[in-house]
Amino acid sequence: MHVCSAEFLQSANRPDSYPPADWPEIAFAGRSNVGKSSLINSLLGRRKLVRTSRTPGRTQLLNFFLVNRAFCLVDLPGYGFARVPAAVRRQWGPMVRIYLETRPTLRGVVWLLDCRRVPNEEDLQLLDWLEELQVPTIPVITKIDKVKRSQRVRQLKPILAATGLPADAFSVFSALSGEGRQEVWERIEEALGLVGETDA
Ligand SMILES: Nc1nc2c(ncn2[C@@H]2O[C@H](COP(=O)(O)OP(=O)(O)O)[C@@H](O)[C@H]2O)c(=O)[nH]1
Ligand SMILES: [Mg+2]
């Protein structure tokens, strides 16, 4: 994917504040700190377009980005942030669920898991929703640079066991080395229906 332009469109918490449904869309979901913003920044080749700040307040909304004036990427609010007040945490489920249910242009969700964590209840809840709503899902294991190559298979076993997904369902990614970037782009292009229309 050649990224010519990437612009922040707007933040939203409800359908009436989403941008117009004019472009096919891919959303990114996962727990706070899993590396969502880092993945989006790496894909777009923009270091700071999506804030990688750990400050929770900024990340509690859906953030829409328009790429190449052709499709949207959406940074969904992260879950599981211990320092987020309970009232905010309770909003997460409805905010994400309503988005998944109602967004007519949604073509897929990139679902991120940290290579060093066993998926928890919230992770699996999200996977359940994606399966129930039949949203094409692109599972990505992040921060793979934190694990030695020789340890990868062993490290990823608990993730496969918890999710019930086969190893080849996952792409592995590192924002540090860029490993997996191309593969994730290819899966996004396929979900967007852009295969064959863009250069690699
Ligand atoms: N080593 C390593 N650190 C990462 C990677 N991706 C993200 N991080 C770090 O993990 C923290 C959270 O990343 P961020 O992208 O803000 O996560 P988000 O909360 O899911 O958006 C930051 O300190 C990042 O620098 C990665 O692939 N490798
Ligand atoms: Mg973030």
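The values are calculated or read from the model by the stated rules, or taken from the named source; none is laboratory data. Predicted model, so just to flag it, every value in this text is computed and none were measured. Cβ: placed from backbone, ideal geometry, glycine included. Neighbour counts: every protein chain shown. These accessible areas exclude ligands, DNA and RNA; they are computed on the full protein's heavy atoms, side chains included. Shrake-Rupley method; radii C 1.70, N 1.55, O 1.52, S 1.80 Å.
Length gained on full extension, Thr105 to Ala162, computed as 0.36 nm times the residue gap minus the Cα-Cα distance: 17.5 nm. The aspartates and glutamates whose alpha-carbon is closer than 12 Å to the alpha-carbon of Lys36, local same-chain residues fewer than 8 away aside, are Asp75, Asp114.
Taking other residues whose beta carbon is less than 10 angstrom from the beta carbon of Arg107, and scoring Lys, Arg as +1 and Asp, Glu as -1, yields -1.
Based on the convex hull around the alpha carbon atoms, the chain presents an average projected area of 10.7 nm². Just want the answer: with Cβ charges of +1 for Lys and Arg and -1 for Asp and Glu, which residue in Asn63, Val147, Leu127 is farthest toward the dipole's positive end in the chain? Value computed over the given set: Val147. Entry note, the chain: the mean residue ellipticity at 222 nm calculated from DSSP H runs of n ≥ 4, each adding -39500 (n - 2.57), is -9500 deg cm²/dmol after division by the residues and rounding to the nearest 500. Surface composition of the range 6-192: carbon and sulfur make up 49 percent of the accessible area, probe 1.4 Å. What residues have an amide H closer than 5 Å to that of Cys115, excluding those fewer than 5 places away on the same chain, when H is modeled at 1.01 Å from N in the peptide plane? Answer set, sorted by chain and number: Thr142.
Residues Ser11, Ser42, Ser177, ordered by accessible area of protein heavy atoms at a 1.4 angstrom probe radius and largest first, appear as Ser177, Ser11, Ser42. Evaluating kT/(6 pi eta Rh) at 25 °C and 0.890 mPa s, with the Kirkwood radius of the range 146-200 over Cα pairs in the Stokes-Einstein relation, gives 189 µm² s⁻¹. Rolled with a 1.4 Å probe across the full set of protein chains, the surface gives Leu66 an accessible area near 10 Å².
Here the gap between Val3 and Glu190, fully extended at 0.36 nm per residue and compared with their Cα-Cα distance, gives a gain of 65.7 nm. Between Leu124 and Arg47, the contour length at 0.36 nm per residue exceeds the Cα-Cα span by 24.7 nm. By DSSP, the beta bridges lying fully in the chain are antiparallel in about 40 percent of cases. A crude spin-label estimate for the pair Glu132 and Gln91, with each label 7 Å from Cα along the Cβ direction, gives 2.2 nm.
In the range 96-174, the C-alpha radius of gyration followed by the widest Cα-Cα span (Dmax) gives 13.3, 43 angstrom.
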